[in-house]
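Here's the structure, in structure tokens; my notes come after.
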Amino acid sequence: TKTEEKKVEKDFKGDYEDMGAGSIFISTPNGTSENGNRPVLFYDDDMLLMQIELAANDFDGSKLSYVYVDGMEKDKFQFGGTRITINLEKGDLKVGTHKVEVVQYDTDKPDGNVVTYKVAQYEIKEK
């Protein structure tokens, strides 16, 4: 028998370049994503959850910011200069490279036009 993997519809799709005010970087025990770096996290099957920190600087605080990991919404915040913790679980912990995106919309809703787009990456490796 052939097993079919369920297709998961992503919350955020699109191919955007860096735009809008502000900057982000992620911090892990292994380093940060500053200057284009991609910090590495080591994972094994016993782990159910890992956390990374997201730092957002100089954002337009009048807009709601959406945080996505690999296109799936993690949370919404009113950023200015902020540090938050993001929980990584399930698909966020698969071996490979993952994207953390922060997006602001002109209407403060995902059906609006993207006015701010920032991205950082992390990598998962097996222990």
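A compact table of results
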item	result
Solvent-accessible area, 1.4 Å probe, carbon plus sulfur percent, for the chain	43 percent
Percent of beta bridges antiparallel (DSSP, the chain, rounded to nearest 5)	90 percent
Which labelled figure in (1) 15.1, 53; (2) 13.4, 40; (3) 17.6, 61 is Rg and Dmax of the Cα atoms in Å, once derived from the coordinates	(1)
Whole-number accessible area per residue in Å² for region 43-127, which is evaluated in the context of all protein chains at 1.4 Å	52 Å²
Highest-fluctuation residue, 92, 70, 18 considered, GNM on the chain with Cα pairs under 10 Å	18
Linear extension gain, residue 9 paired with residue 47, 0.36 nm per residue minus alpha-carbon span	11.2 nm
Modelled label reach - residue 21, point 7 Å along Cα→Cβ, region 48-64 residues with backbone N closer than 17 Å	56-64
Over the chain, relative contact order from alpha-carbon pairs under 8 Å, at least 6 apart, %	30 percent
Computed lengthening from residue 117 to residue 99, 0.36 nm per intervening residue step minus Cα-Cα distance	5.3 nm
Given 11 as the ceiling on other Cβ atoms within 10 Å, longest exposed-site-free region of the chain for GluC sites (Glu not before Pro) in DSSP loops	18-127
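The values are calculated or read from the model by the stated rules, or taken from the named source; none is laboratory data. If you're wondering where the values come from, they're calculated on a predicted model, not measured in any experiment. Here the Cβ is made from the backbone with ideal geometry for all residues, glycine too, and neighbour counts use every protein chain on show. The protein model used for the area step is the full one, side chains on, heavy atoms only, and it has no ligands, DNA or RNA in it. Shrake-Rupley method; radii C 1.70, N 1.55, O 1.52, S 1.80 Å.
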